[in-house]
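Only one structure is covered here, and it is reproduced in the block below.
The values are calculated or read from the model by the stated rules, or taken from the named source; none is laboratory data. Everything numeric in this text was worked out from a predicted model, so none of it was measured. Here the Cβ is made from the backbone with ideal geometry for all residues, glycine too, and neighbour counts use every protein chain on show.
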Amino acid sequence: MSFTEPAERVALREAVAGFAGDYGAQYFQRKARAGEYLTELWAAAGKLGYLGVNLPEEFGGGGGGIGDLAAVLEELSAAGCPTLMMVVSPAICGTVLARFGTPEQQQRWLPGIASGQSILAFAITEPDAGSNSHNITTTARRDGADWLLTGRKTFISGVDVADAVLIVGRTEDAATGRLKPALFVVPTDTAGFEARPIEMDLVSPDHQFGLFLDDVRLPADALVGDPDSGLLHLFAGLNPERIMAASLATGSARHALSRAVAYANEREVWGRPIGAHQGLAHPLAQVKVELELARLMTQKAAALYDSGDDAGAGEAANMAKYAAGEVAVRAVDQAVQTLGGNGLASEYGLGAAIATSRLGRIAPVSREMVLNFVAQHSLGLPKSY
């Protein structure tokens, strides 16, 4: 058993940290406030191979695991450049297509995802379903050899920069008549596909959209994988989603903590740095402890997933996402408190992080649903929903 990362991943972290440092929080905030995406960073990261470290080598990837991609996102976030599209495009969509896509689907999409030249969004959430994927009403029905997809999705990230969306719908079982999950790759320029922006108070380059699908005609090969195994395909993407969300949150917590520690070392009151006072030092130290615990659980979840232990990874990924979401909120709050009035000054970028740090408690699964999962599956308590 080892609690240290392999030398290759350590080197990857160092390289990404150096790369991200050339962009930094000011670049991120400037692009976010202008309503623009991190186009330059994304293109450069793809060219350097960072976006596809988890994808198969035959499609231009690095042949690594989700732990490697999570390390990339954590370092980008620690440098002040968190992007939800790394959770979505290479982690969720890339993983699902690499595991279950047809050779044609893999050849069409994976090289572009790995290079950053193509971005795929992911759509599961619906207005009336929320976290209950069993209540999804987006439905695909056969029309000759084609599919007709109809439904609505909400809070879908990055549709404005995506070439296609991996959409979770349902199809009818011919034998039972029951609806079963199915995944479809839908190019964003397909007739009948409409995306409407959702106005958000978040200052982020990753914009949110509602999708309206009105008899969107898709070819037969838009369906991903075995039509009878859609639930398996879906959950293959959800564990990487949680691991990556945890990495984004721990990286963001690292960024906030580093800002607070630097300020506490430099700012002097009554003849000594404010970090010498336990009223500030102890809360920052507590954040550090909780941060390292969350990072450790995230690395455990990634190791379990990369070893093929989907069940173990599911438990660990949910716990990691919970812990990381909590510490991100605590880190930002304590950083703002440490900086005082400067914590809300645009120069330091922490004011905007107050809202964005809360995202880790809500998405991609709420902390309450994680606790439901742990209560039922880890503790054996009765199912509550």
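Residues in region 122-140 that are free of Cβ contacts under 8 Å to residues at least 60 places away in the same chain and surrounded by 14 or more Cβ atoms within 10 Å (Cβ to Cβ): 125, 126, 129, 136, 137, 139.
The residue that is farthest from residue 353 (Cα to Cα), counting only those in region 1-30 that are basic (Lys, Arg) and over 19 Å from the mean Cα position of the chain (by Cα), is 9. If the condition is being in a loop (DSSP other than H, G, I, E, B) and among the charged types (D, E, K, R), then region 80-111 contributes no residue at all. Per the conditions (1) within 21 Å of residue 201 (Cα to Cα); (2) not in a helix (DSSP H, G or I), the sole criterion not satisfied by residue 358 is (2).
If we scan region 276-283, do we find a residue that is in contact (Cβ under 8 Å) with a residue 12 or more places away in the chain, farther than 30 Å from residue 128 by Cβ, aliphatic (A, V, I, L, M) and not assigned by TED's automatic domain parsing to the domain that holds residue 143? Within region 276-283, one or more residues are in contact (Cβ under 8 Å) with a residue 12 or more places away in the chain, farther than 30 Å from residue 128 by Cβ, aliphatic (A, V, I, L, M) and not assigned by TED's automatic domain parsing to the domain that holds residue 143. Of 213, 234, all but one fail to be within 21 Å of residue 94 (Cα to Cα) and either under 19 Å from the mean Cα position of the chain (by Cα) or buried (at least 19 other Cβ atoms within 10 Å of the Cβ) (or both); the exception is 234.
Here residue 91 meets the list (1) under 13 Å from the mean Cα position of the chain (by Cα); (2) free of Cβ contacts under 8 Å to residues at least 12 places away in the same chain almost entirely, failing just condition (2).
Can residue 206 be described as surrounded by fewer than 15 Cβ atoms within 10 Å (Cβ to Cβ), at pLDDT 95 or above and in a loop (DSSP other than H, G, I, E, B)?
On the way: surrounded by fewer than 15 Cβ atoms within 10 Å (Cβ to Cβ): no; at pLDDT 95 or above: yes; in a loop (DSSP other than H, G, I, E, B): yes.
Judged against the criteria, residue 206 is not a match.
Could you tell me which of the residues 140, 121, 114, 129 is of a type in the set (A, V, I, L, M, F, W, C) and in a loop (DSSP other than H, G, I, E, B)? If you could, list the steps in order and put the result at the bottom.
Working: 140 fails: in a loop (DSSP other than H, G, I, E, B); 121 fails: in a loop (DSSP other than H, G, I, E, B); 114 fails: in a loop (DSSP other than H, G, I, E, B).
Among 140, 121, 114, 129, only 129 is of a type in the set (A, V, I, L, M, F, W, C) and in a loop (DSSP other than H, G, I, E, B).
Go through 262, 316 for me and flag whichever is in a helix (DSSP H, G or I), within 20 Å of residue 251 (Cβ to Cβ), more than 23 Å from the chain's Cα centre (by Cα) and without any contact (Cβ under 8 Å) to a residue 60 or more places away in the chain. That would be 262, the only listed residue that is in a helix (DSSP H, G or I), within 20 Å of residue 251 (Cβ to Cβ), more than 23 Å from the chain's Cα centre (by Cα) and without any contact (Cβ under 8 Å) to a residue 60 or more places away in the chain.
Residue by residue, here is whether (1) touching a helix residue (DSSP H, G or I) at 6+ places or on another chain (Cβ under 8 Å); (2) part of a helix (DSSP H, G or I); (3) basic (Lys, Arg) holds:
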{"site": "16", "(1), (2), (3)": "yes, yes, no"}
{"site": "30", "(1), (2), (3)": "no, yes, yes"}
{"site": "36", "(1), (2), (3)": "no, no, no"}
{"site": "51", "(1), (2), (3)": "yes, no, no"}
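Of all residues in region 99-129, those satisfying the criterion of being out of contact with any Cys (no Cβ under 8 Å at 6 or more places or on another chain) and either under 23 Å from residue 13 (Cβ atoms) or among the basic types (Lys, Arg) (or both) are 99, 108, 114, 115, 116.
So is residue 353 crowded, with 16+ Cβ neighbours inside 10 Å and assigned to a helix (DSSP H, G or I) or not? Yes, satisfied.
Scanning region 335-366 for residues that are in contact with a Leu (Cβ under 6 Å, 6 or more places away or on another chain) and within 19 Å of residue 290 (Cβ to Cβ) turns up 335, 336, 338, 356. Looking at 55, 97, 69, just one residue is outside the structural domain of residue 195 (by TED's automatic domain parsing), modelled with pLDDT of 95 or more and within 30 Å of residue 173 (Cα to Cα), and that residue is 97.
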